[in-house]
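Below is one structure, written out as structure tokens, with a few remarks after it.
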Amino acid sequence: MIAASKPVQRPSDAKLMVIHADGHISHRARAVLVTFLRPTDLVIANDAATLPASLQGLHLQSGKRVEVRLAGRRSFNDVQHYMAIVFGEGDFRTRTEDRPPPPGLNSGDRFLFGSLSATLTKMLDHPRLISLRFEGLPEQIWAGLAHQGRPIQYAHVEDPLAMWDVWTSIASLPVAFEPPSAGFVLSWQLLAAIRDQGAKFATLTHAAGISSTGDPELDRRLPFDEPYFIPSATANAVRRARNSRGRIIAIGTTVARALEHAAVEDCGSVHAGAGIATLRIGPASKLRVTDAILTGTHEPNTTHYQMLRAFASDSVLRRASHELSSHSYRTHEFGDSVLVERALDRLSQPKSIELIRPSETARRW
Amino acid sequence: MDMEMTDHNELLRRDFDGVRVAITGGTSGLGLAFVQELHARGALVAFVARNPASIERIARQYAGTFAIAGDVSRKDDIYPIAMQIVGRLGGLDVLINSASSLGPVPLVPLGDTECEDFERALATNVLGPFRLTKALLGALTASARQGHGSVVLNVSSDAAINPYVQWGAYGASKAALHHMSRIWNEELEADGVRVMSVDPGDMDTPLHAAAVPDADPASLKRPATAAHELLLILKSVLQETIRAHAEISAEGSAS
């Protein structure tokens, strides 16, 4: 595949591969995505906005320059504490696998990123992986991130990314460390087309973590645990879609991960409210909620690809990989898209539908 | 008048309890009056202005409000502002675009208006609200989908309609803001977001003083009065968006 090197969320010539439930594969323009929807379908996207999670600064103990990439968090409300990955001097122009290691790090060390300062509170069993605490009041930390941070970026995109390059149209709560990039396809026009098709649209918020560290040992630990929030309106929409035998279509791997983590045992519905997705979806996973997934084009050795093995058989995915190459699909976050329907032999039709009680409290008026 | 206002406020106290509101131009004139009034009525308020010293002073005065330093006329400031607004408030129900630029000061006929002054009026009065609303549209529609209501209130002027001489840069930019609001309101109807453009009337504000230095302040509306009037409208529109969502949800449940 070809690396998509320009930060254009919706290139007019974007391609779409559809892996149908029967294993058949078709190639279309992504512009006709909506024609694959049925009137009873529910499309669910991740509306997390992306933090400028790459910070250039100084490691005070060594006096050396470092790049710190925020990579994980405990909750949406805590703006102070993060799991982070530290690189030695340099930036995204060097491939992550070629980046120098950071200086020797110890708990208690301090970092300075312009107006923002942080303390290394704990080493996390790897010379690059740390727990980090920003100093100051929440407003100072927010302002510091807004002005010192840059979007996390990889060498295949040449020009520095701006925040508008990585926020999807529907970006809301700034809690993701990298963009939920399957959602780049979403425009306000597409949302209207989904409505016109009779299908429904809903969102959840999932703090998408980093996709690559450049270190094989760390990469094997991805994805890290990710907090998510499912509004009661979305849980209700899932229940209604199930009742009308509609399909649940996840825009992106983060959505599938949150939905499957929040799944109500054997009923195809999801719990509303906050959770932390700890699961890994792979060939042995039984999908309880998600009927189809729209995602990017993924190489076979990635965690994203492992997730697709829950949707389709290895032989179909091998064929799909071959066709992605032979049809010159573009890969990475600004690349083309793949719609994977859950294979017929992997259907787990829910036995009964229970009413989900919203865990959110009703608000005012 | 003051007596009446106090009674009114007493009655309406806390009626914006928990509503998440962002206000641009929050340290002066009508924007500041919105901060004061919404803070008093229980809203969660984030406000934006250029001068760090002014925003910190206002934030201290109205404890619990969030001050964000930024210039809405600058493209590069928009996403840092938007991120801080949604991050601090945990979402967004109402955006009030109140920051305004007069263009040339003192006012001059269009033929004498410097291009840079006209561009500044457009950047602050049209492009700023366009960019900030676009960056916050995800948060606003998320609020609408969750039944919390969603409104964008753009502060326009009667100069957007009437061809007042010497108000060319300001009037043309406010006319553009007014029309943009009308179109956006149509486009966002199905997403549950209302976009309004309102004329607050001639107020006793620093902007008006710069435009008409010899005006008698007693003949002008107090910004607090204008804010009070506009919040009545805002509240009813916000409630409409909440009701509309509740009706759609009820239909959906029945099906």
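Could we say that A:Ile194 is under 28 Å from B:Gly90 (Cα atoms) and within 14 Å of another protein chain (Cβ to nearest Cβ) here? Show your work before the answer.
On the way: under 28 Å from B:Gly90 (Cα atoms): yes; within 14 Å of another protein chain (Cβ to nearest Cβ): yes.
Criteria met by A:Ile194.
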Next item on the list: Could you tell me whether region A:190-201 includes any residue that is within 27 Å of B:Ala135 (Cα to Cα), assigned to a helix (DSSP H, G or I), among the small types (Gly, Ala, Ser) and in the same structural domain as A:Ala14 (by TED's automatic domain parsing)?
Entry: yes
Notebook entry, point to check: Is there any pair linking a residue in region A:273-285 that is within 16 Å of A:Ala310 (Cβ to Cβ) and touching a residue at least 60 places away in the same chain (Cβ under 8 Å) to one that is aliphatic (A, V, I, L, M) and surrounded by 14 or more Cβ atoms within 10 Å (Cβ to Cβ), with Cβ under 6 Å and at least six apart or on different chains, and which?
Noted result: A:Ala277/A:Ala258
Note to self: Which numbered condition in (1) surrounded by fewer than 24 Cβ atoms within 10 Å (Cβ to Cβ); (2) not in a helix (DSSP H, G or I) is the only one that A:Leu218 fails?
What the structure shows: (2)
Check: of a type in the set (Ser, Thr, Tyr), modelled with pLDDT of 95 or more and more than 21 Å from A:Thr213 (Cβ to Cβ): does that describe A:Ser117?
Finding: yes
Check: Is it true that B:Phe118 is more than 14 Å from chain A (Cβ to nearest Cβ), touching a Ser or Thr at 6+ places or on another chain (Cβ under 9 Å) and surrounded by fewer than 24 Cβ atoms within 10 Å (Cβ to Cβ)?
Finding: yes
Next item on the list: Of all residues in region B:202-248, count the ones that are crowded, with 17+ Cβ neighbours inside 10 Å and closer than 15 Å to B:Gln146 by Cα.
Entry: 4
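Give the residues of region B:208-255 that are within 14 Å of another protein chain (Cβ to nearest Cβ) and outside any helix (DSSP H, G or I), sorted by residue number.
Looking only at region B:208-255, we keep the residues that are within 14 Å of another protein chain (Cβ to nearest Cβ), and these are B:234-255.
Within region B:208-255, B:Ser255 is the sole residue that qualifies.
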Next item on the list: Would you mention how many residues in region B:44-60 are over 14 Å from B:Ser28 (Cα atoms), without any contact (Cβ under 8 Å) to a residue 24 or more places away in the chain and not basic (Lys, Arg)?
Entry: 0
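For every residue, the table says whether it meets (1) over 17 Å from the mean Cα position of the chain (by Cα); (2) buried (at least 22 other Cβ atoms within 10 Å of the Cβ); (3) basic (Lys, Arg); (4) at pLDDT 95 or above.
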{"residue": "A:Arg30", "(1), (2), (3), (4)": "yes, no, yes, yes"}
{"residue": "A:Ile44", "(1), (2), (3), (4)": "no, yes, no, yes"}
{"residue": "A:Asp47", "(1), (2), (3), (4)": "no, yes, no, yes"}
{"residue": "A:Leu51", "(1), (2), (3), (4)": "no, yes, no, yes"}
{"residue": "A:Leu58", "(1), (2), (3), (4)": "yes, no, no, yes"}
{"residue": "A:Gly63", "(1), (2), (3), (4)": "yes, no, no, yes"}
{"residue": "A:Ala71", "(1), (2), (3), (4)": "no, yes, no, yes"}
{"residue": "A:Arg74", "(1), (2), (3), (4)": "no, no, yes, no"}
{"residue": "A:Met83", "(1), (2), (3), (4)": "no, no, no, yes"}
Notebook entry, point to check: Hey, A:Gly209 hits all of (1) buried (at least 20 other Cβ atoms within 10 Å of the Cβ); (2) of a type outside the set (A, V, I, L, M); (3) within 14 Å of chain B (Cβ to nearest Cβ) but one; which does it fall short on?
Noted result: (3)
Item checked: Cβ pairs under 8 Å, 6+ apart, first in region A:146-171 and more than 7 Å from every other protein chain (Cβ to nearest Cβ), second of a type in the set (Val, Ile, Thr) and assigned to a helix (DSSP H, G or I) -> A:Pro151/A:Val166; A:Tyr154/A:Thr96; A:Ala155/A:Thr96
Checklist line | Any chance B:Leu153 is touching a residue at least 24 places away in the same chain (Cβ under 8 Å), within 13 Å of chain A (Cβ to nearest Cβ) and under 16 Å from the mean Cα position of the chain (by Cα) | finding: no
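Taking region A:123-145 as the search range and keeping residues that are touching a residue at least 40 places away in the same chain (Cβ under 8 Å) and at the interface with chain B (Cβ under 8 Å from one of its Cβ atoms), which one is farthest from the chain's Cα centre (by Cα)? Walk me through it before giving the result.
If we filter region A:123-145 for residues that are touching a residue at least 40 places away in the same chain (Cβ under 8 Å), which is where we start, we get A:124, A:126, A:128-134, A:138, A:141-142, A:145.
Among the residues that remain, those that are also at the interface with chain B (Cβ under 8 Å from one of its Cβ atoms) are: A:138, A:142, A:145.
Numbers: A:Pro138: 25, A:Trp142: 22, A:Leu145: 20 Å.
So, considering only residues that are touching a residue at least 40 places away in the same chain (Cβ under 8 Å) and at the interface with chain B (Cβ under 8 Å from one of its Cβ atoms), the one farthest from the chain's Cα centre (by Cα) is A:Pro138.
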Margin query: Among the listed residues A:Arg220, A:Arg240, A:Arg245, identify the single one that is farther than 30 Å from B:Ile81 by Cβ and in contact with a helix residue (DSSP H, G or I) (Cβ under 8 Å, 6 or more places away or on another chain).
Written below: A:Arg240
Notebook entry, point to check: Out of region B:179-207, which residues are touching a residue at least 24 places away in the same chain (Cβ under 8 Å), over 16 Å from B:Leu102 (Cα atoms) and part of a helix (DSSP H, G or I)?
Noted result: B:Met180, B:Ser181, B:Trp184, B:Asp191
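Just the residues that are hydrophobic (A, V, I, L, M, F, W, C) and under 20 Å from B:Tyr170 (Cβ atoms), please, taken from region B:183-224. Full working, then the answer.
Kept after step one, since they are hydrophobic (A, V, I, L, M, F, W, C), are these residues of region B:183-224: B:183-184, B:188, B:190, B:193, B:195-196, B:198, B:203, B:207, B:209-212, B:215, B:218, B:220, B:224.
Within region B:183-224, B:Met196, B:Val198, B:Met203, B:Leu207, B:Ala209, B:Ala210, B:Ala211, B:Val212, B:Ala215, B:Leu220 meet the criteria.
The values are calculated or read from the model by the stated rules, or taken from the named source; none is laboratory data. Bear in mind the structure is a predicted one, so any value in this text is a computation, not a measurement. All Cβ positions, even for glycine, are placed from backbone atoms using ideal geometry, and neighbour counts span all protein chains on display.
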